[in-house]
Amino acid sequence: MSAAMDTESTYSGYSHYSGHSKKAHRQGRDRHKSPRSKDGSRSEKSVTIQTPPAEPLLGNDTSRAEEGQDDNWGETTTAITGTSEHSISQEDIARISKDLEDSVGLDCKRYLGLTVAAVLGLLVFFTPIAFILLPQILWRDDLEPCGTVCEGLFISVAFKLLILLIGTWALFFRQPKADLPRVFVFRALLLVLIFLFVFSYWLFYGVRILDSKDTNYQGIVQYAVSLVDALLFIHYLAIVLLELRQLQPMFTVKVVRSTDGESRYYSLGHLSIQRAALVVLENYYRDFTVYNPALLTASKSRAAKHMAGLKVYNVDGNNASGQSRAMIAAAARRRDSSHNELYYEEADHERRVRKRRARLVVAVEEAFTHIKRLQAEEQQKAPGEMMDPREAAQAIFPSMARALQKYLRTTRQQQYHSMESILQHLSFCITNNMTPKAFLERYLNPGPTLQYDRDRWFSKQWTLVSEEAVTSGLQDGIVFVLKCLDFSLVVNVKEIPFIKLSEEFIDPKSHKFVLRLQSETSV
């Protein structure tokens, strides 16, 4: 793998990687088909959560520029390889993710709930108005006169409907953050409750008012006012069930990434499993460092190298199990010397990282010093001859490109940073008068997933695997898994224990004491 990462990029080498990637692409698909059959067993329930499409962090122009640009801006060919039977390239990973998204197709489920809520909201909003206007249209001459009292009720109904309209828009008509596998139970129950409530009001109105042509117009208006008041109370109930109920922390979840073991802890309230999974994913993109499969290939290549050095001869004609036991015993005998090799490999890697980091810091500081000198010279020129930040970034980028390329290769981050993204970040730092340390912060330490382009996330479509129903609430001891293409997040739920806090009273007089001094002293 190190040879594929560090050799110079030639045409023959690039064609070798592309041919090798096609074979790995077919093998990778076969390899990822097996877990899906296991998830469909009786003991586990597997559903899918897909994040909605959003704009790239760098804009559409950036994504189009990066599609037509070669990622080998730093004289190297980037490939993620392990052993020959499990190797896969960066381009194949992106292609597999794109194929999975295209296979989903247009999903109308996202807009079905919004359409039903919109139709029901219009029915609720126009029902009190219809209650008031229908008697005026059908039997206006037979109605009893209603003066100031009805006019005051009209104003009350108008303002209450306005408040209800604003509250409904703020609570229900929001942009969905994800496609959940099942319906939100509380929201569906509220919609059913509102429908039954409005239907019962219409049924009573048709039987007692429309059929009999009631002439008491003040009573009809008060009937419409009572409907609006009841709808406001239902809206308060929706706020409690949908927003306030989940605010109090009741559970602590531990989220562990299966590949590198990185973990985080979060506190959650009363949520269903699917909504808890959505909260975990939102925090994952913000808190977890970006998934880098290149960092995991070092240990695999080291283990493969150790096993390749073992030779087993089948003299007695034993079966394969005897050979495997012999290889395990030989590997155990070599275990005492393997830790020394690991120690020196890590020490050498840390030394190279520190060395190239120092070179990168010096190169960037010199480039920013050159920018300040150029800015001082540009201030003396005419306003039409000043250089924009993009041109300034292109002018100083070659001086730091080699040092930055070597550092990114050493830390295995080159697949996340293209030349176009680095130029845009550099021009952004120049525009906002940022320091070299602020520019290097993105490259010296791996950032969260949101910091990078969506094309390099490696995780856009997730599968929720749970033994319990995903609409059931969280309970102590529940474990569910969020799977994507290359790794999974294992979530373990623990209930926050009941805390019994007691008070102990301290008597203020207990702190008082008397200091007695002897009157006679020795001379």
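Take the conditions among the acidic types (Asp, Glu), out of contact with any strand residue (DSSP E or B) (no Cβ under 6 Å at 6 or more places or on another chain) and free of Cβ contacts under 8 Å to residues at least 40 places away in the same chain and apply them to Asp211. Does it pass? Please lay out each step first, then the result.
On the way: among the acidic types (Asp, Glu): yes; out of contact with any strand residue (DSSP E or B) (no Cβ under 6 Å at 6 or more places or on another chain): yes; free of Cβ contacts under 8 Å to residues at least 40 places away in the same chain: yes.
Answer is yes for this residue.
Does region 236-254 contain any residue that is loosely packed, with under 15 Cβ neighbours inside 10 Å, of a type outside the set (A, V, I, L, M) and under 15 Å from Val493 (Cβ atoms)?
So far as region 236-254 goes, yes, one or more of its residues are loosely packed, with under 15 Cβ neighbours inside 10 Å, of a type outside the set (A, V, I, L, M) and under 15 Å from Val493 (Cβ atoms).
Contact list please: Cβ distance under 8 Å, first residue in region 475-501 and open to solvent by less than 50 Å² (accessible area, probe 1.4 Å), second residue in a strand (DSSP E or B) and of a type in the set (Gly, Ala, Ser), pairs at least six apart or on different chains.
Sorted first by the residue in region 475-501, then by its partner, the pairs are Ile478/Ser466; Phe480/Ser466; Val481/Ser466; Val481/Ser488; Leu482/Ser488.
Report the residue count in region 157-171 for those that are under 21 Å from Tyr223 (Cβ atoms), loosely packed, with under 15 Cβ neighbours inside 10 Å and not β-branched (Val, Ile, Thr). First the steps, then the outcome.
Let us first name the residues in region 157-171 that are under 21 Å from Tyr223 (Cβ atoms), namely 157-165.
Filter again for loosely packed, with under 15 Cβ neighbours inside 10 Å, leaving 158-159, 162-163, 165.
Now narrow it down to the ones that are not β-branched (Val, Ile, Thr): 158-159, 162, 165.
Residues in region 157-171 being under 21 Å from Tyr223 (Cβ atoms), loosely packed, with under 15 Cβ neighbours inside 10 Å and not β-branched (Val, Ile, Thr): 4 in total.
I'd like the residue in region 441-491 that is charged (D, E, K, R) and in a loop (DSSP other than H, G, I, E, B) and, out of all such residues, is modelled with the lowest pLDDT. Before the answer, list the steps.
Filtering region 441-491 for residues charged (D, E, K, R) gives 441-442, 453-456, 460, 467-468, 476, 483, 486.
Filter once more, keeping what is in a loop (DSSP other than H, G, I, E, B): 453, 460, 467-468, 476, 486.
Values: Asp453: 72, Lys460: 68, Glu467: 91, Glu468: 90, Asp476: 92, Asp486: 82.
Here the residue is Lys460.
Which numbered condition trips up Pro181, out of (1) part of a loop (DSSP other than H, G, I, E, B); (2) closer than 29 Å to Gly113 by Cβ; (3) at pLDDT below 90; (4) open to solvent by 40 Å² or more (accessible area, probe 1.4 Å)?
(4)
Looking only at region 112-158, which residues are touching a helix residue (DSSP H, G or I) at 6+ places or on another chain (Cβ under 7 Å) and outside any helix (DSSP H, G or I)?
Leu143, Glu144, Cys146, listed by residue number.
Give me the residue from region 258-271 that is touching a residue at least 40 places away in the same chain (Cβ under 8 Å) and either farther than 13 Å from Ala469 by Cα or part of a helix (DSSP H, G or I) (or both) and, out of that set, least open to solvent (accessible area, probe 1.4 Å). Steps first, answer last, please.
Within region 258-271, the first condition is being touching a residue at least 40 places away in the same chain (Cβ under 8 Å), and the residues that meet it are 258-259, 267-268, 270-271.
Filter once more, so that each one left must be either farther than 13 Å from Ala469 by Cα or part of a helix (DSSP H, G or I) (or both): 258-259, 267-268, 270.
Numbers: Ser258: 66, Thr259: 48, Ser267: 76, Leu268: 11, His270: 76 Å².
Among them, the one singled out is Leu268.
Could you run through region 139-156 and say how many residues are loosely packed, with under 15 Cβ neighbours inside 10 Å and of a type in the set (A, V, I, L, M)?
Residues meeting the conditions: 2.
Can you tell me which residues in region 400-435 are under 17 Å from Arg356 (Cα atoms) and open to solvent by 30 Å² or more (accessible area, probe 1.4 Å)?
Answer for region 400-435, where residues must be under 17 Å from Arg356 (Cα atoms) and open to solvent by 30 Å² or more (accessible area, probe 1.4 Å): Arg402, Lys406, Arg409, Arg412.
Specify the residue that is farthest from Thr259 (Cα to Cα); the eligible residues are those in region 282-310 that are modelled with pLDDT of 65 or more, open to solvent by less than 40 Å² (accessible area, probe 1.4 Å) and out of contact with any Asp or Glu (no Cβ under 9 Å at 6 or more places or on another chain). Please lay out each step first, then the result.
Keep residues of region 282-310 that are modelled with pLDDT of 65 or more, which gives 282-297.
Filter once more, so that each one left must be open to solvent by less than 40 Å² (accessible area, probe 1.4 Å): 283-285, 288, 290-294, 297.
Cutting the leftovers down to out of contact with any Asp or Glu (no Cβ under 9 Å at 6 or more places or on another chain) gives us 283-285, 290, 294, 297.
On the way: Asn283: 18, Tyr284: 14, Tyr285: 16, Val290: 12, Ala294: 11, Thr297: 11 Å.
Step by step, filter region 282-310, then rank; the result is Asn283.
For Arg356, state whether it is within 27 Å of Val290 (Cα to Cα) and in contact with a strand residue (DSSP E or B) (Cβ under 8 Å, 6 or more places away or on another chain).
Values: within 27 Å of Val290 (Cα to Cα): yes; in contact with a strand residue (DSSP E or B) (Cβ under 8 Å, 6 or more places away or on another chain): no.
It is false that Arg356 is within 27 Å of Val290 (Cα to Cα) and in contact with a strand residue (DSSP E or B) (Cβ under 8 Å, 6 or more places away or on another chain).
What pairs can you find where one residue is in region 389-408 and outside the structural domain of Val364 (by the TED database) and more than 12 Å from Leu374 (Cβ to Cβ), the other is open to solvent by less than 60 Å² (accessible area, probe 1.4 Å) and among the basic types (Lys, Arg), and their Cβ atoms are less than 7 Å apart, with a gap of 6+ or different chains?
Partner pairs satisfying both residue conditions: none exist.
Condition check: small (Gly, Ala, Ser), surrounded by fewer than 18 Cβ atoms within 10 Å (Cβ to Cβ) and closer than 30 Å to Gln375 by Cα. Does Ala469 satisfy that? Lay out the reasoning, then the answer.
Numbers: small (Gly, Ala, Ser): yes; surrounded by fewer than 18 Cβ atoms within 10 Å (Cβ to Cβ): yes; closer than 30 Å to Gln375 by Cα: no.
No.
Gln274 is checked against (1) part of a helix (DSSP H, G or I); (2) out of contact with any strand residue (DSSP E or B) (no Cβ under 7 Å at 6 or more places or on another chain); (3) in the same structural domain as Val479 (by the TED database) and fails just one. What number does that condition carry?
(2)
When you scan region 436-450, do you find a residue that is within 23 Å of Pro389 (Cα to Cα), among the basic types (Lys, Arg) and in contact with a helix residue (DSSP H, G or I) (Cβ under 7 Å, 6 or more places away or on another chain), even just one?
The answer is yes, given that some residue of region 436-450 is within 23 Å of Pro389 (Cα to Cα), among the basic types (Lys, Arg) and in contact with a helix residue (DSSP H, G or I) (Cβ under 7 Å, 6 or more places away or on another chain).
The values are calculated or read from the model by the stated rules, or taken from the named source; none is laboratory data. Remember, it's a predicted structure, so these values are computed and weren't measured experimentally. Neighbour counts run over all protein chains shown; Cβ positions are idealised from the backbone, glycine included. In case anyone asks, the SASA skips ligands and DNA or RNA and just uses the protein heavy atoms, side chains included. Shrake-Rupley method; radii C 1.70, N 1.55, O 1.52, S 1.80 Å.
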